[in-house]
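The values are calculated or read from the model by the stated rules, or taken from the named source; none is laboratory data. Quantities reported herein were computed from a predicted structural model and do not represent experimental measurements. With ideal geometry, Cβ positions are generated from the backbone for all residues, glycine too; neighbour counts draw on all protein chains shown. SASA here: full protein model, heavy atoms, side chains in, ligands and nucleic acids out. Shrake-Rupley method; radii C 1.70, N 1.55, O 1.52, S 1.80 Å.
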Amino acid sequence: MDVLLDIWLRMTTPHAGLEPIVAWLTVAAAAVIVLFPPVWRLARHAVTIVHEGGHGVVALLCGRRLGGIRLHSDMSGLTVSRGRPSGPGMIFTLLAGYPAAALLGLGAAWLLSLGYDVGLLWVLLVLLALLLVQIRNWFGLWSVAVTGAVVFGVSWFGSPQVQGIFALLVTVFLLLGSLRTSLELQQSRSRRAGSSSDADQLARLTHIPGIVWVVVFVVVQVGCLAFSARLLGFIQI
């Protein structure tokens, strides 16, 4: 009981914001992670986790039955859900993947703007725990478990300064990483005809060209990025 009370107090006690120079350096570090290919190839697994989690959450909300999630070492993933192969439920399920990390980043920015950096880390831990029970392959289990261990380590053992920096780093990484995955998606689509990507599956279901769906992804991601920047005080609108 004392441990649960301690966790609750950590989650609900707001912290002071980071110094501007520290915040900007953290943003720069997140940008380096997303833009530097060797680091991005490793970090992108975290975006894939959120991507597939987004599919899973929306599938359940649309009344579909979730059959499991697989995460692969090539940074791809697969969410299996059962239900009608067409219709609004399937469309929304497919639509959810690419914007998921940006929307999670926006929610994270909102929590950070209120000072709940530790609360954010514990929310992420709960989401990872819920996702873990849906994973159906060993690499996926390893990916989610390692990600959860890192988040837990910082949330439990890190100083308030370290927790604040890490929470902001994760937030900006999700926002920028989500946008990069959509740009990579279009590059991949331009090289391969008949792709089975989310955008192309949406095109087959809706008869709206795949490029339109990529634009939708990007618009949502840029909007989340801009709104998050305003919430966190990086831009004034």
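A compact table of results
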quantity: Test set (1) in a helix (DSSP H, G or I); (2) over 24 Å from residue 145 (Cα atoms); (3) touching a residue at least 24 places away in the same chain (Cβ under 8 Å) - residue 21 fails condition number; calculated: (3)
quantity: Close pairs (6 angstrom Cβ cut-off, 6 or more residues apart or separate chains): under 22 Å from residue 88 (Cα atoms) and of a type outside the set (S, T, N, Q) in the stretch 183-205, part of a loop (DSSP other than H, G, I, E, B) and open to solvent by 20 Å² or more (accessible area, probe 1.4 Å) anywhere; calculated: 203/209; 205/86
quantity: Flag if residue 67 is of a type outside the set (S, T, N, Q) and part of a loop (DSSP other than H, G, I, E, B); calculated: no
quantity: Qualifying residue in the stretch 75-88 (condition: aliphatic (A, V, I, L, M), outside any loop (DSSP other than H, G, I, E, B) and in contact (Cβ under 8 Å) with a residue 60 or more places away in the chain); calculated: no
quantity: Matching residues, the stretch 112-126, being open to solvent by less than 30 Å² (accessible area, probe 1.4 Å) and either over 30 Å from residue 17 (Cβ atoms) or not in a helix (DSSP H, G or I) (or both); calculated: 115
quantity: Any hit, the stretch 80-92, residues being surrounded by 24 or more Cβ atoms within 10 Å (Cβ to Cβ) and either modelled with pLDDT under 95 or in contact with a helix residue (DSSP H, G or I) (Cβ under 9 Å, 6 or more places away or on another chain) (or both); calculated: no
quantity: Close pairs from the stretch 4-16: first closer than 12 Å to residue 123 by Cα and touching a residue at least 24 places away in the same chain (Cβ under 8 Å), partner aromatic (Phe, Trp, Tyr) and in a loop (DSSP other than H, G, I, E, B), Cβ under 8 Å, at least 6 apart; calculated: 11/116; 12/116
quantity: So residue 77, is it in contact with an Asp or Glu (Cβ under 9 Å, 6 or more places away or on another chain) and at pLDDT below 95; calculated: yes
quantity: Unique match (being surrounded by 12 or more Cβ atoms within 10 Å (Cβ to Cβ) and closer than 24 Å to residue 78 by Cβ) among 58, 39, 22, 27; calculated: 58
quantity: Pair list, Cβ < 8 Å and 6+ apart or interchain, from the stretch 209-237 residues that are farther than 13 Å from residue 101 by Cβ and among the aliphatic types (A, V, I, L, M) to residues that are open to solvent by less than 40 Å² (accessible area, probe 1.4 Å) and part of a loop (DSSP other than H, G, I, E, B); calculated: none
quantity: Among (1) in a helix (DSSP H, G or I); (2) without any contact (Cβ under 8 Å) to a residue 12 or more places away in the chain - the single one residue 129 does not satisfy; calculated: (2)
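A quick yes/no check of all residues on (1) farther than 27 Å from residue 134 by Cβ; (2) of a type in the set (A, V, I, L, M):
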site	(1), (2)
23	yes, yes
46	no, yes
79	no, no
82	no, no
86	no, no
90	no, yes
114	yes, yes
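Yes or no, residue by residue, for (1) more than 17 Å from residue 175 (Cα to Cα); (2) within 15 Å of the chain's Cα centre (by Cα); (3) surrounded by fewer than 21 Cβ atoms within 10 Å (Cβ to Cβ):
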position: 51; (1), (2), (3): no, yes, no
position: 54; (1), (2), (3): no, yes, no
position: 74; (1), (2), (3): yes, no, yes
position: 94; (1), (2), (3): yes, no, no
